[in-house]
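Step one of this worksheet: look at the structure below.
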Amino acid sequence: MVDLFFYGTLRYVPLLELVLGRSGAALDTAVASLADHAIYSVQDQIFPMIAEAEGEEATGLLVRGLSPEDLAALDFYEGGFDYALKPITVRLATGEMAQTQVYFPAPGQWQAGALWDLEAWIAQSGAMTLRAAEEVMAYHGRVTAEQMRKSFPSIRRRAAAWLEAQSRSEDPGFDLSRDVEVVAHNRAYVNFFAMEEMDLKFRRYDGSMSPVVNRGVALVGRASVVLPYDPLRDQVLLVEQFRAATFIAGEKRPWMWEPVAGLIDPGETPEQAAHREAVEEAGVTISHLEEVSRGYPSSGSSGEFIHIFVGVTDLSDISGGGGVAGENEDLRSEILSFDALMQGIDAHHYQDMPLITAALWLARHRDRLRAELR
């Protein structure tokens, strides 16, 4: 049996229960503190780190009597963040000293920020972390912690997208608690994208429940799509890049002309993502966004939810672009007239549906956008 000191997110009992896969009611816990240490936020991350700090005291939770199975689950979860166990001595509220262990980050792995506050973290990131941990722990025993670590950014995007979907209003014509029954849920594959499948029943229009059906879905997250448009010059900018998905599907033209697009990071609005991606992919600064639509582009197979915009910009002022090299992006751009764009649409030259959607919206609103310049 092992005793561990938790100073960060695992002090949040719902998260600890999820990682251990059992109720925390039977856990032997006590408030404890570690001298000459402090808990800091991690720059550009949503979890904290502990570090030596003379004269400071890190308060946390001592959990005694954890089983080998508990430790294996914790090693998988914390190992994905590149944390490893280290022996320490903590002080209990009674003044008693206790020998235990704590997960310390690898030296130099993270950059410390401000002092970390548990309650503030719960309010801001607790729900997303719980959802992300569900996906992470579903792969315990199936992949290594190192493999899981590579998927963490994508898992958080999917968790944020799930919470956003849950925040939208329910269809008044259906009651999900009554009209959908999940028989089994399998997380089949995790990487940059994820594949999940369910055995489920759903309410049919005659009032009866369907037989059990098996359905799979590709989960991506949320994305912003923006078609840069210069109303003064009546021009648009498109980007072209190789799309592995279309190649794998058998497409003979897998280099696709598209609007600027990218996944929305946790805590980022669709508008912020659109502005960021316009700079990264095309080197253009959007002056303002016009919302085109939002929804699921392929609801039969994908859970991706996209926000489509037309971005008003000055296409005479382009600096940078080409994508993010660290994400294996390799893009080229082309500026063309609105008329040339629509000729391509009518000739079925373009295969990207968000581009077609944005172009058709622009055809309806172009006169207004141009008139607003006068």
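The values are calculated or read from the model by the stated rules, or taken from the named source; none is laboratory data. What you see is a predicted model; the values in this text were computed from it and never measured. FYI the Cβ positions are ideal-geometry reconstructions off the backbone, even for glycines, and counts take in every protein chain you see. To get the accessible areas, we keep the full protein, side chains included, count just its heavy atoms, and leave off ligands, DNA and RNA. Shrake-Rupley method; radii C 1.70, N 1.55, O 1.52, S 1.80 Å.
Using a 1.4 Å probe over the heavy atoms of the protein chains, calculate the carbon and sulfur portion of the accessible area of the chain as a whole percent. Each step should come with its number before you reach the end.
On the way: 10010 of 19560 Å².
Percent of accessible area from carbon and sulfur atoms in the chain: 51.
Of Tyr139, Tyr296, which has the most accessible area with a 1.4 Å probe, and how do the rest follow in descending order? Before the final figure, lay out each step's value.
On the way: Tyr139 5, Tyr296 110 Å².
The residues order as Tyr296, Tyr139, largest area first.
Would you rank Glu17, Glu181 by solvent-accessible area, highest first, keeping every protein chain in place and using a 1.4 Å probe?
Details: Glu17 60, Glu181 90 Å².
Descending order: Glu181, Glu17.
Calculate log10 I(q)/I(0) of region 227-294 for q = 0.17, 0.19, 0.26 Å⁻¹, where I(q) comes from the Debye formula with a single equal point scatterer on each Cα and nothing for solvent.
With one equal scatterer per Cα and no solvent, log10 I(q)/I(0) is -0.73, -0.86, -1.17.
For region 30-145, divide the Cα radius of gyration by the Kirkwood radius and give the resulting Rg/Rh value with two decimals. The partial results should precede the final answer.
Values: Rg = 14.8 Å, Rh = 15.5 Å.
Answer for region 30-145: 0.96.
Using the reciprocal of the averaged 1/r over all distinct C-alpha pairs, how large is the Kirkwood radius of region 218-374 in Å?
Numbers: mean 1/r = 0.0633 Å⁻¹.
Hydrodynamic radius (Kirkwood, Cα only) of region 218-374 equals 15.8 Å.
Sketch the reach of a paramagnetic label on Ser167 as a point 7 Å from Cα along Cα-to-Cβ, and name the residues of region 46-77 whose backbone nitrogen lies under 18 Å away.
Those under the cut-off are 46.
In nm, to one decimal, how far is the Glu56 label point from the Ser287 one, both placed 7 Å along Cα→Cβ?
Between Glu56 and Ser287, the label points sit 4.7 nm apart.
So, with +1 on the Cβ of K and R and -1 on the Cβ of D and E, and no other charges, what is the size of the charge dipole of region 137-270 about its Cα centre, to the nearest 20 debye?
440
Please report the equivalent ellipsoid semi-axes of the chain, computed as sqrt(5 x eigenvalue) of the Cα gyration tensor, largest first, in whole Å.
Values: eigenvalues 415, 144, 65 Å².
They are 46, 27, 18 Å, listed from largest to smallest.
Based on Cβ point charges of +1 for Lys and Arg and -1 for Asp and Glu, what charge dipole magnitude is obtained for region 1-129 about its Cα centre, in debye rounded to the nearest 20? Before the final figure, lay out the partial values.
Details: 5 positive and 17 negative charges, 44 e Å.
The calculation lands at about 220 debye.
Among Val182, Val292, Val236, which one shows the biggest mean-square fluctuation in a GNM of the chain, springs joining Cα atoms closer than 10 Å?
Result for the chain, Cα springs under 10 Å: Val182 fluctuates most.
For region 1-89, just run the numbers: alpha carbon Rg, then divide by 2.2 N^0.38 Å, N being how many residues it has. Please report the intermediate quantities before stating the final value.
Values: Rg = 12.9 Å, N = 89, 2.2 N^0.38 = 12.1 Å.
Taking N as the residue count of region 1-89, the ratio is 1.07.
Starting at the first residue of region 256-264, write each ³J(HN,Hα) from the Karplus equation 6.51 cos²θ - 1.76 cosθ + 1.60 with θ = phi - 60°, in whole Hz, x for Gly and Pro.
10, 8, 9, x, 5, 7, x, 6, 8
Let me have the relative contact order for region 1-101, percent, based on Cα pairs under 8 Å that are six or more residues apart. Numbers along the way, then the final one.
Values: 173 pairs, mean separation 35.2, N = 101.
Relative contact order of region 1-101: 35 percent.
Give me the Å³ per residue figure for the convex hull around the C-alpha atoms of region 192-238. If you can, show how the numbers build up before the last one.
Details: hull volume 6.8 nm³, N = 47.
Normalising the Cα hull of region 192-238 by residue number yields 144 Å³.
Calculate one ³J(HN,Hα) per residue across region 88-93 by plugging θ = phi - 60° into the Karplus curve 6.51 cos²θ - 1.76 cosθ + 1.60, and present them in order as whole Hz with x for glycine and proline.
8, 10, 10, 10, 7, 4
Can you give me the long-range amide H partners of Val292? Hydrogens built in the peptide plane at 1.01 Å from N, cutoff under 5 Å, separation of 5 or more residues or another chain.
Amide H neighbours of Val292, under 5 Å, 5+ apart: Ile308, Phe309, Val310.
For Ala53, what residues show an amide H to amide H distance below 5 Å, using hydrogens built from the backbone and excluding near sequence neighbours?
His37, Ala38
Ignoring everything but the protein chains, give the 1.4 Å probe accessible area of His349 in square angstrom, nearest 10.
Accessible surface of His349 is approximately 80 Å².
Check which residues have an amide H placed less than 5 Å from Ala194's amide H, if you skip close sequence neighbours.
Leu219
Within the chain, which complete DSSP H helices have Cα atoms spanning at least 24 Å along the helix axis and a mean Kyte-Doolittle hydropathy of -1.0 or higher? Display every interim value, and only then the final one.
On the way: long enough: 145-167 (32 Å, -0.82); 353-371 (27 Å, 0.05).
Sorted by number, the helices that extend far enough and score high enough are 145-167, 353-371.
What order, most packed first, do the peptides 241-249, 262-270 have when packing is the mean number of other Cβ atoms within 10 Å of each residue? All intermediate terms of the calculation are to be shown ahead of the outcome.
On the way: 241-249: 12.7, 262-270: 18.4.
Packing proxy ranking, top to bottom: 262-270, 241-249.
Only helical DSSP H runs with n ≥ 4 go in: add -39500 (n - 2.57) per run for the chain, normalise by residue count and round the 222 nm mean residue ellipticity to 500 deg cm²/dmol.
Values: 10 runs with 103 residues, N = 374.
Mean residue ellipticity, 222 nm, calculated: -8000 deg cm²/dmol.
Relative contact order (percent) for region 259-374, with alpha-carbon contacts under 8 angstrom and 6 or more residues of separation? It would help to have the intermediate numbers written out before the result.
Working: 133 pairs, mean separation 25.5, N = 116.
The value is 22 percent.
Leaving out ligands and nucleic acids, and using a 1.4 Å probe, what accessible area per residue does region 224-338 come to in Å²?
On a per-residue basis, 48 Å².
Could you tell me the relative contact order of the chain? Use alpha-carbon pairs under 8 Å, at least six residues apart, and round to a whole percent.
12
If you put +1 on each Lys and Arg Cβ and -1 on each Asp and Glu Cβ, how big is the dipole of the chain around its Cα centre, in Debye rounded to 20? The partial results should precede the final answer.
Numbers: 32 positive and 55 negative charges, 180 e Å.
So the dipole magnitude of the chain works out to roughly 860 debye.
If I model a spin label at Leu373 and Asp175 as a point 7 Å from the Cα along the Cα→Cβ vector, what separation in nanometres do I get?
That separation, rounded to one decimal, is 5.6 nm.
What's the Kirkwood radius of region 84-196 in Å, using all Cα pairs? Intermediate results must be reported in sequence, preceding the final value.
Numbers: mean 1/r = 0.0557 Å⁻¹.
For region 84-196, inverting the mean 1/r across all distinct Cα pairs yields 18.0 Å.
Under a Cβ-Cβ cut-off of 12 Å, what is the net charge of the residues other than Trp257 that fall near it, where Lys and Arg count +1 and Asp and Glu count -1? Present the calculation step by step, with values, prior to reporting the outcome.
Working: positive: Arg243, Arg253, Arg332; negative: Glu240, Glu258, Glu334, Asp352.
Net of charged neighbours comes to -1.
With a 1.4 Å probe and all protein chains in place, put Arg142, Arg364, Arg11, Arg222 in order of accessible area, largest first. Could you put the intermediate results ahead of the total?
Values: Arg142 120, Arg364 185, Arg11 60, Arg222 30 Å².
Solvent-accessible surface, decreasing: Arg364, Arg142, Arg11, Arg222.
For every other residue with a beta carbon closer than 13 angstrom to the beta carbon of Met137, add +1 if it is Lys or Arg and -1 if Asp or Glu, then tell me the sum. Display every interim value, and only then the final one.
Values: positive: Arg22, Arg131, Arg142, Arg187; negative: Glu17, Glu69, Asp70, Asp75, Glu78, Glu134, Glu135.
Value of the local net charge: -3.
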